[in-house]
Amino acid sequence: MEDRTIRLITTGGTFDKHYDAVKGELTFRESHLPKILNQSRVTLPIHLDALFAVDSLVMTEEQRESVASNAIASVEKLVVIIHGTDTMVKTAKLLESKLPAGDDHVFLFTGAMIPYALEDSDAVFNLGCAITAVQLLQPGVYITMGGRIYPADAVRKNREKGIFESI
C-alpha cells in the first residue's frame, strides 16, 4: 500500500495568528493546526513540522531557504506548507527552482486571508483543500487558495480583490 503520510510544514502567516486583546493586535503563539486537524477528524497520518511563526512580509531569505530545504528533505512525498499569503508565491518559486531533477514530491502551499482565530476565516477550508489535493496531484509545486489549485509559476495574489488568480 502506498504511503499517504503528509508532512505539514507551518511557517506562521495569517493562518496561525491569534488576536491579543491586551495589545489589540494579531500575534503568534502556538499553532492552530493540531486543533484544526482534530476538529476536522483527519484520519490520515500527519507529521507536523513547525519551522517558525512569522508574517511572510518579514520572512527573511534565510527562512525562505529553510522552508525549501526542509520541504525537499522530507521523507514524506506529500508536503503541505502553511505560509503567509503575501509572499507565498515567492517561496513556492524558490522551492521549485531548487528541486533536483526527477524529484517525486508533491508540494502544496496554502494559507489564509483571515486568521483561523477570527470569524469568517478561510483557514479550515484551504487546509482541507490542500490535504485532499496533495494526494491527487502529480509531483511538482502548487498553491491552493479559495478552492482552486495553481502551478507555483502561474499564480499571483491580487491584493485589491483579496484572492489568488492565474497569470
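For the stretch 111-126, take each phi angle, set θ = phi - 60°, evaluate the Karplus expression 6.51 cos²θ - 1.76 cosθ + 1.60, and give the result in whole Hz per residue in order, putting x for glycine and proline.
With the stated coefficients, the stretch 111-126 comes to x, 8, 7, 10, x, 3, 5, 9, 4, 6, 5, 9, 4, 5, 4, 5 Hz.
By how many nm would the segment from D120 to H47 grow when fully extended, if each residue of separation counts as 0.36 nm and the alpha-carbon distance is taken off?
Extra length from D120 to H47 when fully extended: 23.6 nm.
May I have the count of lysine pairs in the chain with C-alpha atoms under 30 Å apart, counting pairs 8 or more residues apart or located on different chains?
For the chain, the number of qualifying lysine pairs is 25.
With runs of 4+ DSSP H residues as the only contributors, calculate the mean residue ellipticity of the chain at 222 nm using -39,500 (n - 2.57) per run, divided by the residue total and rounded to the nearest 500.
-8000 deg cm²/dmol
Applying a 10 Å radius around every beta-carbon, put 151-163, 65-77 in order of their mean neighbour count, most first.
Values: 151-163: 13.6, 65-77: 16.6.
Order by mean packing, descending: 65-77, 151-163.
Arrange the peptides 107-113, 94-100 so that the one whose residues have, on average, the most other Cβ atoms within 10 Å appears first.
107-113, 94-100
Express the relative contact order of the stretch 6-166 as a whole percentage, based on alpha carbon pairs under 8 Å and six or more residues apart in sequence. Intermediate results must be reported in sequence, preceding the final value.
Details: 310 pairs, mean separation 39.4, N = 161.
Relative contact order comes out at 24 percent.
Cα extents of the stretch 38-158 along the three principal axes, largest first, in whole Å?
Per principal axis, max minus min of the Cα coordinates gives 42, 33, 26 Å.
Can you give the angle from 0 to 90° between the axis of helix 61-72 and the longest principal axis of the chain, with both taken from C-alpha atoms, to the nearest 10?
The helix 61-72 is inclined about 50 degrees to the chain.
Taking Cα atoms, how many degrees apart are the long axis of helix 88-98 and the longest axis of the chain, rounded to 10 and kept between 0 and 90?
Between helix and principal axis, roughly 20 degrees.
Every number in this text was worked out from the coordinates using simple rules, so none of it is lab data. As the structure is a prediction and not an experimental result, all values here were calculated from the model. No Cβ is skipped: glycine too gets one built from the backbone with ideal geometry, and neighbour counts run over all protein chains shown.
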